[in-house]
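Please read through the structure below; I'll follow up with questions.
The values are calculated or read from the model by the stated rules, or taken from the named source; none is laboratory data. None of the values given here were measured: they were computed from a predicted structure. Here the Cβ positions follow ideal geometry from the backbone for every residue, glycine too, while neighbour counts run over all protein chains shown.
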Amino acid sequence: MRLLAIVGPTASGKTQLGIALARALGGEILSADSQQIYRGMEIGTAKPTAEERAAVPHHLLDLAEPAELLSAGAWAREAERAIAEVAARGALPIIVGGTGLWLRALLHGLVELPEVDRALRVQLMEEGARLGSQALHTRLAAFDPKAAATIEPANLQRVVRALEILEQTGEGPSAHWERHRFRPARYQARLLGLSPPRELLYARIDARAAAMFREGLLEEARLLMERYPGAPALERAIGYREARAVLEGEMSIEKAIESTAMATRRYAKRQLTWFRREEALEWLPWPVDVGALIGRLGEEGWRGNYPVP
RNA sequence: GCCCAGGUAGCUCAGUUGGUAGAGCAUUGGACUGAAAAUCCAAGUGUCGAUGGUUCAAUUCCGUCCCUGGGCA
């Protein structure tokens, strides 16, 4: 099955480009964004607006409540289903998003494992907090030295995940990984990368952070916090955690804007690191010549059966 | 004008009983198989306010000056 994917760091213009391509090529958009899946988290996640969603069908937004957790695997299964639907309709599926792991989960699949056992995870994290990440890493090394060698002892999250796999399957993660290795590309995918010059990207991020607070992020966060107290997504997502600090009187708005922009810049940098490694990816020259790109993709047959407006 | 405290990395600061310095954050690079906007790893950076003196050697001690904050006038 053929599909297009537009990736890149946050604030690089993926949403806009996706819409332009979808309109011109008869496509529908599937978001690959780990935060835009949350209902109610609109401003802070820069979710496509109602107008944008009216212009082109969007999928995989608003899949969960902020209090819920959606695993990469669960999301990928949802995405497969949505892609099949879009394709069945004769439209070109266009994935738009910046969550590298989720893209990989969709395009290459993850190892086959049982769903995350929340209780087990909580228990292991508590142990980690008590005994230290190193101690759990030592335990992992005793059962699966290969996996332990690839995980930093200080990286509690990864150490715990590895121990979960061991507990749940009776087999160390390295055995699963070796059998899997992301080998099969499950779709005929054309990956396009957006990467504005760093200075410009950072300027856009700074402007966006300020705009979010100007456009009501605090109010949105306040309502969500009331409705979903302690929701992990609200504590984790950039912008929302800063908004919470403001609402709890721990931070000034100016500081929150600055801190949001800073965290976003760091996040964008990590996204770039992730996507740079993707060798099948074509980085589009900046600024993107959208008309030329549409022409080229159309000639190559990347289009749906929809009438081109 | 006088008194006190301070001036060290982009920022906040530590430090050197005299042998030209260091942490956190930022920045940059990297890792990533169901938390991924998460988590973790690595690296660079300095006319140590200026100037004169003492000394083999001054960012460190002494003098003068400049700047910042506070107090007194």
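Return yes when A:GLU242 is within 14 Å of RNA strand B (Cβ to nearest atom), at pLDDT below 95 and within 25 Å of the chain's Cα centre (by Cα) and no when it is not. Steps first, answer last, please.
On the way: within 14 Å of RNA strand B (Cβ to nearest atom): yes; at pLDDT below 95: no; within 25 Å of the chain's Cα centre (by Cα): yes.
For A:GLU242, the condition - within 14 Å of RNA strand B (Cβ to nearest atom), at pLDDT below 95 and within 25 Å of the chain's Cα centre (by Cα) - is not met.
Considering only helices (runs of 4 or more DSSP H) fully contained in the range A:199-309, which possess at least 1 residues that are in contact (Cβ under 8 Å) with a residue 60 or more places away in the chain and within 21 Å of A:TYR38 (Cα to Cα)?
Values: elements: A:217-227, A:232-236, A:240-247, A:253-276, A:290-299.
Ranges flagged: A:217-227, A:232-236, A:240-247, A:253-276.
Which of (1) crowded, with 21+ Cβ neighbours inside 10 Å; (2) under 18 Å from A:THR10 (Cα atoms); (3) among the aliphatic types (A, V, I, L, M); (4) touching a Gly at 6+ places or on another chain (Cβ under 9 Å) is the odd one out, the single condition A:ALA263 does not satisfy?
The one condition A:ALA263 does not meet is (1).
So, restricting to strands (runs of 3 or more DSSP E) that lie completely within the range A:1-107, which ones have at least 1 residues that are within 30 Å of A:ALA203 (Cα to Cα) and touching a His at 6+ places or on another chain (Cβ under 8 Å)?
On the way: elements: A:2-7, A:27-31, A:92-96.
Correct list: A:27-31.
List pairs: first residue in the range A:103-120 and of a type in the set (A, V, I, L, M, F, W, C), second residue outside any loop (DSSP other than H, G, I, E, B) and within 6 Å of RNA strand B (Cβ to nearest atom) anywhere in the structure, Cβ distance under 6 angstrom, at least six positions apart or on different chains.
Close Cβ pairs (under 6 Å, with a partner that is outside any loop (DSSP other than H, G, I, E, B) and within 6 Å of RNA strand B (Cβ to nearest atom)) amount to A:ALA105/A:ALA72; A:LEU110/A:GLY73; A:VAL111/A:HIS180.
A quick yes/no check of all residues on (1) within 23 Å of A:GLN188 (Cα to Cα); (2) away from RNA strand B (no atom under 13 Å from the Cβ):
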| position | (1), (2) |
| --- | --- |
| A:LEU4 | yes, yes |
| A:ALA11 | no, no |
| A:LEU17 | yes, yes |
| A:ALA22 | yes, yes |
| A:LEU25 | yes, yes |
| A:SER31 | yes, no |
| A:LYS47 | no, no |
| A:ALA50 | no, yes |
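Here's another thing I want to ask about it. In the range A:1-56, which residues are among the charged types (D, E, K, R) and over 21 Å from A:GLU299 (Cα atoms)? Working first, answer last.
First pass over the range A:1-56, keeping only residues among the charged types (D, E, K, R): A:2, A:14, A:23, A:28, A:33, A:39, A:42, A:47, A:51-53.
Of everything in the range A:1-56, those that are among the charged types (D, E, K, R) and over 21 Å from A:GLU299 (Cα atoms) turn out to be A:LYS14, A:ASP33, A:ARG39, A:GLU42, A:LYS47, A:GLU51, A:GLU52, A:ARG53.
Residues are listed down the side, and each one gets a yes or a no for (1) touching a helix residue (DSSP H, G or I) at 6+ places or on another chain (Cβ under 7 Å); (2) surrounded by 18 or more Cβ atoms within 10 Å (Cβ to Cβ):
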| position | (1), (2) |
| --- | --- |
| A:LEU163 | yes, yes |
| A:TRP177 | no, no |
| A:ARG181 | no, no |
| A:LEU192 | no, yes |
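Tally up the residues in the range A:163-215 that are acidic (Asp, Glu) and over 29 Å from A:GLU242 (Cα atoms), please. Walk me through how you get there before you give the answer.
Residues of the range A:163-215 that are acidic (Asp, Glu), as a first pass: A:164, A:167, A:171, A:178, A:199, A:206, A:215.
Retained after the next criterion (residues that are over 29 Å from A:GLU242 (Cα atoms)): A:164, A:167, A:171, A:178.
Residues that pass the stated criteria total 4.
All but one of (1) modelled with pLDDT of 95 or more; (2) farther than 22 Å from A:LEU281 by Cβ hold for A:LEU60; which doesn't?
(2)
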